1. Rounded to whole Å and sorted largest first, what semi-axes of the equivalent ellipsoid does the C-alpha gyration tensor of the range 42-126 yield via the square root of 5 times each eigenvalue?
2. Place a point 7 Å from Cα of residue 166 in the direction of its Cβ. Which residues in the range 6-49 have their backbone N less than 11 Å from it?
3. How do 127-133, 291-297, 84-90 rank on mean C-beta neighbours within 10 Å, highest first?
4. Cα axis of helix 3-21 to longest principal axis of the chain: angle in degrees, 0 to 90, nearest 10?
5. May I ask you to derive the relative contact order of the range 239-406, considering only C-alpha pairs under 8 Å and at least 6 residues apart, and to give it as an integer percent?
6. For a quick check, take a GNM of the chain with Cα springs below 10 Å and name the residue from 286, 390, 24 with the largest mean-square fluctuation.
7. On the Cα set of the range 296-351, report Rg and Dmax in Å, please.
8. May I ask for the Kirkwood hydrodynamic radius of the chain, worked out over all distinct Cα pairs and given in angstroms to one decimal?
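Read-outs throughout are calculated quantities, based only on the coordinates presented, and are distinct from any laboratory measurement. A quick note: this is a predicted structure, and the numbers were derived from the prediction, not measured. In this analysis, Cβ positions are derived from the backbone assuming ideal geometry, glycine residues included, and neighbour counts consider all displayed protein chains.
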């Protein structure tokens, strides 16, 4: 990689980090203004700014000056110079810097003569902006002032990181709620259907009671998982890894979906390779994955069709396939299949509802297991196969090997 290419790549990553903070074009905040005021007082300067350097402009988050704007062209901004160095930039007299003489902020009456700026350096090492002070007379900075400006810059970055962590925690919590609510829909549908059958045929109450009991337990388990997750300080998904028997899990799936398939006169076939080893997985999350895929297969397949659940063992990986004879996928469907709220060409065949979250949730859960998922369809009206590859042993190191199996 050439020096020019390296600089472009670093700038792209710097801008990515800047956007991750979600700070551009936001309103003034008291916390940032106090940091700017502290810098102003330390230097006994005339103006102070907290700026963030975008691709072609500089956004001024805190503006303690007579400047009426909240952004300036990056080429005209002196603060954009401060992000070029990890140390505090001090310019005693801008008139002595040839390339600054023609800067609009320097050339105008009462323009900037003294400047000091400390970069706002992210934990990853990207200078996303600067805290700056300036005056219209030449000046200098003491070692103490420079150190204080560096400390203020660090406090500002800590504030940015705290806001970022909070936002990610909220997003993770919302995502967790979406997952839980989505997973509750299937057992609720089973309970509703069982109730309808009992009303039509009271003699079926015994068998339906077991179905309702199983669905209630599944809802309770999902709510318990949600409560445990919400109590944790770190809202990332927690994996409770144990050995899971795929044969046994398939049998439980059949019990859960027997009624839904029966209503559409569908047949669910199970094909498991002999002597399948147990797979190390989070039992609840793996069950959620298979529930989502089988629910989709039933929902989008025609009345009287066959759905196949298959599992085979390939060296260090388990291959699980859910194959249906449904409406299939076109090229556009495949491209957006695993995105949130995806709208596909296929429609439920039994007036079921869909919120577009199921497959995006499924993909996230598969990836938590260091596995991969893909959908294969020869086209519309030719059915779809969802293929999952899961490591038999749950290890982070084998993620790349799994990915290579699909390439």
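1. Values for the range 42-126, descending: 19, 15, 14 Å.
2. Of the residues in the range 6-49, 31 have backbone N under 11 Å from the label point off residue 166.
3. 127-133, 291-297, 84-90
4. With both axes taken from Cα atoms, the answer is about 70 degrees.
5. Once normalised by length, the contact order is 24 percent.
6. 24
7. Gyration radius and largest Cα-Cα distance of the range 296-351: 13.6, 42 Å.
8. Every distinct Cα pair counted, the radius reaches 25.6 Å.
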